[in-house]
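Written out below as structure tokens is the structure these notes cover.
The values are calculated or read from the model by the stated rules, or taken from the named source; none is laboratory data. Just so it is clear, the structure is predicted and the values come from calculations on it, not from any experiment. Neighbour counts run over all protein chains shown; Cβ positions are idealised from the backbone, glycine included. SASA here: full protein model, heavy atoms, side chains in, ligands and nucleic acids out. Shrake-Rupley method; radii C 1.70, N 1.55, O 1.52, S 1.80 Å.
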Amino acid sequence: MPFWVWALTVGAIVGMLVFDFVGHVRTPHAPTLRESATWSAIYIGIAVLFGLLVLWFAGGQYAGEYFAGYITEKSLSVDNLFVFVLIMASFAVPRELQQKVLLFGIAFALVLRTLFIFIGAAAIEQFSWIFYVFGGFLIWTAIAQARSGGHSHDEEFKENSVLRLARRFFPTTEDYHSDKMLTKVGGKRHITPLAIALVAIASADILFAVDSIPAIFGLTQETYLVFTANAFALLGLRQLFFLIDGLLDRLVYLSYGLAVILGFIGVKLLIHALHENELPFINGGEHVTVIPEVPTWLSLTVILATLVITTVASLAKNRRDQARGTTPPTGAGDEAAGREGLIAQGPGDHDPHAVGPDEAPPSPHDALVTDADEPAGSGGATRHRG
């Protein structure tokens, strides 16, 4: 791929991130459903348009690889939103500040995955046996995903060693200070809970990259397509979070669908590893071509079919649950969410149907937020979001 194509692509992606920072996140606000839906559609449209350009200039083979990679990475990103929901609720991030945390997290994930992509590409170039490692890892991940049985509604986010280390070495305020990451309390610099939430998102991104990079290398070995599929899957993830955060619990079979996809890609990688085999203890170091390689069109068909079946089965189960009077714990069925001027319930928001205050879950909007730096002991600048 010519350098100028790489430069143009990276420049466009960085430009979209800068536009998000300047146009949407600079002024903290909670996006409406209409805003989230519009921008989600725009980013998906850009990804599809890019795929059509690949089809026009490079042909159906590469276009198919790009779309298979993009759909897989987008599906894995939706699954990652479950963890983001838990993080936002655990740190009681006010809804108007969640955009900033998500966008910083997405930018970090993009940089991190780019690094992993080039490391993976270099490893594949030098060591053909790395496909055995990738394939085995994905199959193991698929089995673990299937055994998990999906996401538990009672699951709580648990701080990892990175977060505990950050809290240990950096003094942290109890309250949010508008959208600031750093503030002064009593003349001393402190990091805010918003910065801690960002560390939590960033550390989770590291684990997500470990799954996603081997998966997409199982669909295409073209570094440019691996990078662009990852980038376009991450762009728009912030808007997607606000669009479907109240609907995530309805995708009850998503983990099983992703387990099927990851397992399929893992098997595909093992077959490819056998075709590229150079290990002396396997067939004397000769290639094993008894099993034909999986074509791109079959990969794309399996991925799409699995996602459609997973979604339809999830919606059918939710209809049965609703018929029995069971409602999603995130308030996904809130009828007020679609009205003009109102936003969908977020993770941890008050239940509008609760009879009393004791029946409503704690809300991120109740987190203490201050507008400016304040001296220690000051009580006048703190207010509740609600």
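General remarks:
- Among the criteria (1) in contact with a helix residue (DSSP H, G or I) (Cβ under 6 Å, 6 or more places away or on another chain); (2) open to solvent by 20 Å² or more (accessible area, probe 1.4 Å); (3) at pLDDT below 85; (4) farther than 18 Å from G105 by Cα, the one D179 does not fulfil is (4).
- Selection count where residues are among the small types (G, A, S), modelled with pLDDT of 85 or more and under 30 Å from T220 (Cα atoms), scope region 285-339: 4
- All of A197, A231, A215, A259 fail the test of being in contact with a helix residue (DSSP H, G or I) (Cβ under 6 Å, 6 or more places away or on another chain) and closer than 15 Å to L112 by Cβ, apart from A231.
- Helices (runs of 4 or more DSSP H) contained entirely in region 193-263, each with at least 2 residues that are surrounded by fewer than 20 Cβ atoms within 10 Å (Cβ to Cβ) and of a type outside the set (S, T, Y): 193-217
- Looking across L81, L163, L102, one residue alone is more than 18 Å from T306 (Cβ to Cβ), open to solvent by less than 20 Å² (accessible area, probe 1.4 Å) and modelled with pLDDT under 75. It is L163.
- Any chance F108 is under 15 Å from S212 (Cβ atoms) and open to solvent by 50 Å² or more (accessible area, probe 1.4 Å): yes
- Breaking point among (1) out of contact with any Leu (no Cβ under 9 Å at 6 or more places or on another chain); (2) farther than 30 Å from Y256 by Cβ, for K100: (1)
- Any hit, region 44-64, residues being outside any helix (DSSP H, G or I) and crowded, with 18+ Cβ neighbours inside 10 Å: no
- Comparison of F232, F217, F241, F264 shows that the only residue that is within 24 Å of F19 (Cβ to Cβ), hydrophobic (A, V, I, L, M, F, W, C) and modelled with pLDDT of 90 or more is F232.
- When G136 is tested against (1) small (G, A, S); (2) at pLDDT 90 or above; (3) within 21 Å of the chain's Cα centre (by Cα), just one condition goes unmet, and that condition is (3).
- Single residue of region 85-97 satisfying the filter (within 14 Å of the chain's Cα centre (by Cα) and open to solvent by less than 10 Å² (accessible area, probe 1.4 Å)) that is nearest to R113 (Cα to Cα): I87
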